[in-house]
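The values are calculated or read from the model by the stated rules, or taken from the named source; none is laboratory data. Here the structure is a predicted model, which is why all the values come from computation and not from measurement. Here the Cβ is made from the backbone with ideal geometry for all residues, glycine too, and neighbour counts use every protein chain on show. For the accessible areas, the whole protein counts, side chains as well, though only heavy atoms, and no ligand, DNA or RNA atoms are used. Shrake-Rupley method; radii C 1.70, N 1.55, O 1.52, S 1.80 Å.
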Amino acid sequence: MPYIPKKEDIPIVAPTPTPFTKNDIPDYLSIEKNINKWNETSLDGFVLGSYGGEEFHLSEDEKIEIIKVVSATMNNKKFIIAGIDTPSPTIALKLAEKYAQAGANMIRVRIPKINKEKSNENVVDFFKTISDSSSIPIIVIHQPAIDMEINLSPTELSEITHLDNIYSYIMSHNFRWESIVQSYLNPKVQLWACNGSLLLPSSMIGADGACMFFGNWAPDLCRKIIKNVKDKKFEDAQKIQKSIIDADFIGSTKGVAALKKGLNLLGYSTTKPRRPTRELNLKETEELKKSFIKAGII
């Protein structure tokens, strides 16, 4: 049985980047090396086939092979979350079963934007179809295409989190809305932060864990912020939050290129982004390194 953390464990998971060879194909040997290195950290889980793994730069076969490699390499204190991004519940279910057979322990499904004038179904129907048939638990993520947009109502989110087989909900960047919906969530479903710079405010509205690329770099710091807030050590939490802001800002603005370069600085083998995305230049790399030193990561 895979390790499934409880709320009190403060789970920290991260979108796992995909290393590529000089021929621009996934480097599965480097993936093994990286997972072995992460096995020695407090990172709880690997989110595969998501933004940090360059999901739109990977084929379906490549995503499945990556899941197989990670499943065979991780230790029994980690788990795999497979990313799914489709407005079709039928396709989502097909992918869920493929990923489960490859070794995924959960699926992370984006809330789709459904045009109610063009559909007889809504987001609750979408997740009920998946929940009713998925063999593995579901993590719901609110990540609209337009950052501050809203893809569902508070009552719809309440219905979704009260479905069977829903493990956690990852909030969006829209904190005004996310603060309002907290009273609508199923208390049994975990609430996860979505961004390193938002760890402190996320914790203040009840985050139990986090799913974000900063977790790849420093899962302990992420967990300490949340735990300090839970323990009402607000000044300690704020001190750590301030220390990581620069690094997280660079990561947020430079994306996968910064994520990979940061991991390279930490001794991981994540190479450079897949074409056509460029890697960080020397000046950008030096800025990232300085932000790591400020955060105490190196």
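Scanning segment 191-214 for any residue that is among the hydrophobic types (A, V, I, L, M, F, W, C), over 18 Å from Lys7 (Cα atoms), out of contact with any Pro (no Cβ under 8 Å at 6 or more places or on another chain) and surrounded by fewer than 18 Cβ atoms within 10 Å (Cβ to Cβ) turns up nothing.
Conditions tested, residue by residue: (1) closer than 22 Å to Gln101 by Cβ; (2) buried (at least 17 other Cβ atoms within 10 Å of the Cβ); (3) touching a Lys or Arg at 6+ places or on another chain (Cβ under 6 Å).
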site	(1), (2), (3)
Asn39	no, no, no
Glu54	no, yes, yes
Ser59	yes, no, no
Ile67	yes, yes, no
Lys78	yes, yes, no
Ile81	yes, yes, yes
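Among the residues making up segment 24-53, those that are among the aromatic types (Phe, Trp, Tyr) and at pLDDT 95 or above are Tyr28, Trp38, Phe46. Scanning segment 170-213 for residues that are free of Cβ contacts under 8 Å to residues at least 12 places away in the same chain and more than 16 Å from Gln143 (Cα to Cα) returns Ser183, Pro187, Lys188. Consider only pairs whose beta carbons are under 7 Å apart and that are at least six residues apart or on different chains; among these, list those whose first residue lies in segment 63-84 and is closer than 15 Å to Leu95 by Cβ and whose second residue is in a helix (DSSP H, G or I) and of a type in the set (Asp, Glu). Hits for this filter: Gly83/Glu55. Close Cβ contacts (under 7 Å, 6 or more residues apart or on different chains) running from residues in segment 273-295 that are within 15 Å of Thr253 (Cβ to Cβ) and of a type in the set (Gly, Ala, Ser) to residues that are part of a helix (DSSP H, G or I) and modelled with pLDDT of 95 or more comprise Ser291/Asp246; Ser291/Ala247; Ser291/Ile250.
Residue selection: Thr90 satisfies the criterion of being in contact (Cβ under 8 Å) with a residue 12 or more places away in the chain, among the β-branched types (Val, Ile, Thr), open to solvent by 50 Å² or more (accessible area, probe 1.4 Å) and closer than 30 Å to Asn122 by Cβ.
Output the residue which, of all residues in segment 193-250 that are assigned to a loop (DSSP other than H, G, I, E, B) and hydrophobic (A, V, I, L, M, F, W, C), is nearest to the chain's Cα centre (by Cα).
Top of the filtered list is Met212.
Whether a residue is touching a residue at least 12 places away in the same chain (Cβ under 8 Å), over 30 Å from Asp231 (Cβ atoms) and over 14 Å from the mean Cα position of the chain (by Cα) was assessed, and Asp27 passes this test. Among the residues of segment 147-192, the ones that are of a type in the set (Gly, Ala, Ser) and assigned to a helix (DSSP H, G or I) come to 3 in all. Among the numbered conditions (1) hydroxyl-bearing (Ser, Thr, Tyr); (2) more than 19 Å from the chain's Cα centre (by Cα); (3) within 27 Å of Ala92 (Cβ to Cβ); (4) modelled with pLDDT of 95 or more, the only one that Ser59 does not meet is (4).
Output the residue which, of all residues in segment 106-128 that are among the charged types (D, E, K, R) and open to solvent by 70 Å² or more (accessible area, probe 1.4 Å), is nearest to Lys94 (Cα to Cα). Steps first, answer last, please.
As a first pass, look at segment 106-128 and keep what is among the charged types (D, E, K, R): 108, 110, 113, 116-118, 121, 125, 128.
From what's left, open to solvent by 70 Å² or more (accessible area, probe 1.4 Å): 113, 116-118, 121, 128.
Working: Lys113: 20, Lys116: 24, Glu117: 26, Lys118: 24, Glu121: 19, Lys128: 15 Å.
Ranking the candidates gives Lys128 first.
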